[in-house]
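Working notes, structure below.
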Amino acid sequence: MPPRRRSFSKAADLVRRLTEESGVQLSGVSYRLDEVKGEPLQRLGIEINVQGPFPSLLGFAHAVETSSDFLVLRGFTLEAGDEGTLELRMRVDLYVTP
């Protein structure tokens, strides 16, 4: 598998696994790969939108922060969602080998 596709696949698997384990609903995800030549790692920016009750969102955020993958949390917002739920929007960077 080409390195670029492998990076996106790894990120998609990570997001899917963390949402399933924390019991939140994924409402949107986007990716942006920064390709800088000569760097030992590539940065894959990920924007994640999930919805659910506060304890589940807290569990999801904790799972992202404590993941064994090299993730850096860049920002997050929490706001009212649909039907009494909350929505968490997170911006994280996943660093992968090119």
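The values are calculated or read from the model by the stated rules, or taken from the named source; none is laboratory data. In this text, all values refer to a predicted model and were calculated from it rather than measured experimentally. Cβ: placed from backbone, ideal geometry, glycine included. Neighbour counts: every protein chain shown. We work out accessible area using only protein heavy atoms, side chains counted, and drop any ligands, DNA or RNA first. Shrake-Rupley method; radii C 1.70, N 1.55, O 1.52, S 1.80 Å.
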At a 1.4 Å probe, what is the % contribution of carbon and sulfur to the accessible area of the chain? 51 percent
Using alpha-carbon coordinates, inclination of helix 54-65 to the longest axis of the chain, degrees: 10 degrees
For the range 73-89, Karplus-derived ³J(HN,Hα) couplings (6.51, -1.76, 1.60; θ = phi - 60°; whole Hz; x for glycine and proline) come out as 6, 9, x, 7, 9, 10, 8, 5, x, 7, 6, x, 8, 10, 10, 10, 10
Counting pairs of alpha carbon atoms under 8 Å apart in space and at least six apart in sequence, what relative contact order in percent does the range 4-75 give? 29 percent
About its Cα centre, what dipole magnitude does the chain give when the only charges are +1 on Lys and Arg Cβ and -1 on Asp and Glu Cβ, stated in debye to the nearest 20? 520 debye
Between the Cα axis of helix 3-22 and the main Cα principal axis of the chain, the angle (0 to 90°, nearest 10) is 20 degrees
Can you pull a Stokes-Einstein diffusion coefficient for the chain at 4 °C (1.567 mPa s), Rh from Kirkwood over Cα pairs, as a whole number of µm²/s? 94 µm²/s
Accessible area per residue, Å², the chain with all protein chains present, probe 1.4 Å: 63 Å²
Could you run the Karplus curve 6.51 cos²θ - 1.76 cosθ + 1.60 with θ = phi - 60° over the range 42-53 and give me ³J(HN,Hα) per residue in whole Hz, x for Gly and Pro? 9, 9, 10, x, 10, 10, 10, 10, 10, 10, x, x
